[in-house]
1. Of GLN132, ILE163, ILE148, which is farthest towards the positive pole of segment 107-193's charge dipole, taken about the Cα centre with +1 and -1 on the beta-carbons of Lys, Arg and Asp, Glu respectively?
2. Could you tell me what fraction of 2.2 N^0.38 Å the Cα radius of gyration of the chain comes to, as a two-decimal ratio?
3. Filter the cross-link list LYS149/LYS173; LYS176/LYS199; LYS116/LYS292; LYS173/LYS267; LYS218/LYS267 down to pairs whose alpha-carbon distance in this structure exceeds 24 Å.
4. Which of the three applies to segment 3-157, rounded, prolate or oblate, going by the alpha-carbon gyration tensor with a ≥ b ≥ c and a/c under 1.5 meaning rounded?
5. To the nearest 20 debye, what charge dipole does the chain have about its Cα centre, counting +1 at the Cβ of each Lys and Arg and -1 at the Cβ of each Asp and Glu?
6. Quick check on the chain: helices-only [θ] at 222 nm, where DSSP H runs of length 4 and up contribute -39,500 (n - 2.57) each and the sum goes over total residues. Nearest 500, please.
7. Could you provide, to the nearest whole Å², the per residue accessible area of the chain with probe 1.4 Å?
8. Please enumerate, by chain and number, the aspartates and glutamates with C-alpha under 13 Å from the C-alpha of LYS190, excluding those fewer than 8 residues away in the same chain.
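The values are calculated or read from the model by the stated rules, or taken from the named source; none is laboratory data. All figures in this text were calculated on a predicted structure; none of them were measured in a lab. In this analysis, Cβ positions are derived from the backbone assuming ideal geometry, glycine residues included, and neighbour counts consider all displayed protein chains. Accessible surface areas use protein heavy atoms only, side chains included; no ligands, DNA or RNA. Shrake-Rupley method; radii C 1.70, N 1.55, O 1.52, S 1.80 Å.
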Amino acid sequence: MDKKSIIILGIESSCDDTSAAVIIDAKVQSNIVANQEVHQSFGGVVPELASRAHQQNIVPVVNEALKVANINKEQIDAIAFTRGPGLMGSLLVGTSFAKSLSMGLDIPLIAVNHMKGHIMAHFIDEGQEFPQLPFLCLTVSGGHTQIIKINKDFDMQVLGETIDDAAGEAFDKSAKILGLTYPGGPIIDKYAELGNPHKFVFTKPRVGKLEFSFSGLKSNILQRIQIEVKNDSDFISKNIHDLCASIQYTIVSILLEKMDNAVQQEKITQIAIAGGVSANSGLRKALRAREKSHGWSVFIPKLEYCTDNAAMIAIEGFHKFKNKNFSDSGITAHARIKI
Ligand code: KG4
Ligand code: ZN
């Protein structure tokens, strides 16, 4: 290992995944994620259960990350942790763990904004091309849907966002209406593969050019399903592929339309996506098509860096480390922190 290399331990516990990662400079050595299956039958994340599961998982997950990276605690230069946004009970577990470990090892503590982490995942070095500044990023997760402009020095500016539900929620709530388990996004994606995206037509919102809205879509899907199920109780199972394909098509079309508007407004064609929904195959395919049809340069993270993970927290920590942007031990979690 290069003597001047920087080793960062990243910790992520904002929602229902407990994750720890080790990076050396911008290269990932380990990225361990413990998913919490306990929420599946509830149709969504239960905050108290999430917090308890983080408490159980955090020590083994961190130990595993160090073991896989072949690093011992004393070699770590700094600890980066997710300060927010997220569920308070979940954030507190990662925050207090990171604070005590940094105190015990007497190394710097670096607070990371979870959404910035999603965007910075593009700068994990795996030999790929990085987006050039300035670029536009569509961040789509379970809690956020935003178009961000990433300016010089990684200064981030929100150009537009959702006025109600996030894109991930739109997937998850639609899935719940169809009787699918949580999180429904990946299940809709899977069923959509074999379906006709034009079989069912759902409403698109009428909001500002760079704004999103998904609550009307949810009501529209619910009403349609209720009417159809009255006539045929097997309607959902008979049409599951077409329903999922049509729902996915509608959500992806809404996202793409807004990105088109942002590109037109900003005259920037370096386009990235980030957050859990960027794992969606329909969205990935539609963006790739824009490369050919619109001349965009599209940056799509590897699947493991789309959904919540600590490598993205560690890479943002690495950039902050280089600027000596450290936090003091009095720092607290912040559930609603903005980008
Ligand atoms: O970023 P993330 O892991 O956690 C948050 O910060 O919210 O995003 C989770 C969201 C969930 O709503 C999940 O259903 C959605 O990402 N998601 C997907 C896919 N994989 C995850 N949505 C659609 N298609 C997917 N393949
Ligand atoms: Zn996330």
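1. ILE163
2. Against the empirical 2.2 N^0.38 Å value, I get 1.01 for the chain.
3. LYS149/LYS173; LYS116/LYS292; LYS173/LYS267; LYS218/LYS267
4. oblate
5. 580
6. -14000 deg cm²/dmol
7. 45
8. ASP242
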